[in-house]
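Everything below concerns the one structure shown next.
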Amino acid sequence: MALNDIYDARLVQQETAVGAGVQILVLALLGTAIGLGPAGWVTGLVFAVATWAVLSRALHRSGLRTFGPANRVTLGRATLVGGVTALVADSFVSAPPVSLLVGLTAVALLLDGVDGKVARRTGTSTALGARFDMEVDAFLILVLSVYVSLELGPWVLLIGGMRYAFVAAARVAPWLNAPLPPSFARKTVAALQGVCLLLAGADLLPYAGNFAVALLALALLLWSFGRDVVWLWRESRAVVAEQPATEPMVLELAAR
């Protein structure tokens with residue numbers, strides 16, 4: 001490996017460390033501004049360290065020589081998500097300022113599409129960047145579902161946990177790992193999850209309204225996941241059905 005590669009790799013790792021430092025700084029500002037309790041402090045610190053460790057390992061395995069502008073935007077979103085996570089953890093003990101939680105969440109959601117646009121315009125789209133963006137989105141939805149469930153009930157956790165349940169199911173049923181075709185409907189439903197949970201958590205509507213919004217989000221998510229699972233299952237059956245017809249031909253060619 002060339003010295004330049006080693007140097008670039010170190011720079012990439014340094015950016016993740018800076019990101020963790022910024023997350024801790026945001027946590028300190030929150031603690032000073034609202035008197036964040038021990039639960040919020042511990043959760044926020046764990047989130048910062050875990051983000052740094054996981055991202056550093058992923059960057060090392062990917063071999064990227066530069067962190068990239070799009071990943072910087074996603075890391076900024078992760079910093080906001082860390083603040084939201086700390087506030088939600090603190091909500092189990094005391095009520096955090098709803099306006100602050102809504103504000104951090106709203107900015108994180110608004111920046112959701114920015115990193116993708118930056119990646120495309122700068123020609124820096126990578127598989128790692130797409131995965132990083134997806135994981136930040138998924139974790140924010142999970143945290144918001146935890147917060148909303150405190151008022152509406154544990155059924156809301158299905159919204160945040162569905163993606164992780166799908167990943168776990170894919171370990172048992174590998175056919176779920178097959179790539180899905182692009183879908184505007186899937187992207188729209190995914191974006192609506194954060195908006196609906198934010199609206200339900202902002203407490204702007206009466207209880208019935210918040211319940212209906214969260215239920216709508218869950219129904220859309222069940223439809224989207226269900227449609228994808230059915231498509232993946234049909235594709236896996238089609239592949240199995242084609243194998244008997246193709247395998248004898250392969251063996252015959254090999255014999256020749």
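For this structure, a couple of remarks:
- Gyration tensor verdict on the chain (Cα atoms; rounded if a/c is under 1.5, prolate if a/b is larger than b/c, oblate otherwise): oblate
- Accessible-area composition of the stretch 52-178, carbon plus sulfur, in percent [1.4 Å probe]: 67 percent
- Rounded if a/c under 1.5, otherwise prolate or oblate - the stretch 101-249, Cα gyration tensor axes: oblate
- Length added when fully stretched, S99-Y207, from 0.36 nm per residue minus Cα-Cα: 37.1 nm
- A 1.4 Å probe run over the protein chains yields, for the chain, 57 Å² of accessible area per residue, whole-number rounding.
- Using bins of 10 Å that start at zero, the share of Cα-Cα pairs per bin across the stretch 121-195 amounts to 16, 41, 33, 9, 1, in whole %.
- The angle separating the long axis of helix 38-62 from the principal Cα axis of greatest extent in the chain is about 30 degrees.
- Cα-Cα P(r), the stretch 74-158, percent of pairs per 10 Å interval: 17, 44, 26, 11, 1
- Taking the square roots of 5 times each eigenvalue of the Cα gyration tensor of the stretch 1-130, largest first, gives ellipsoid semi-axes of 30, 17, 10 Å.
- Degrees between helix 69-90 axis and first principal axis of the chain (Cα, 0 to 90, nearest 10): 50 degrees
- Whether the stretch 156-200 is rounded, prolate or oblate, judged on the alpha carbon gyration tensor where a/c under 1.5 counts as rounded: oblate
- Rounded to 10°, Cα long-axis angle of helix 157-172 versus longest principal axis of the chain: 30 degrees
The values are calculated or read from the model by the stated rules, or taken from the named source; none is laboratory data. The structure displayed is predicted, hence computed values, not measured ones. Only protein heavy atoms, including side chains, enter the accessible area calculation; ligands, DNA and RNA are left aside. Shrake-Rupley method; radii C 1.70, N 1.55, O 1.52, S 1.80 Å.
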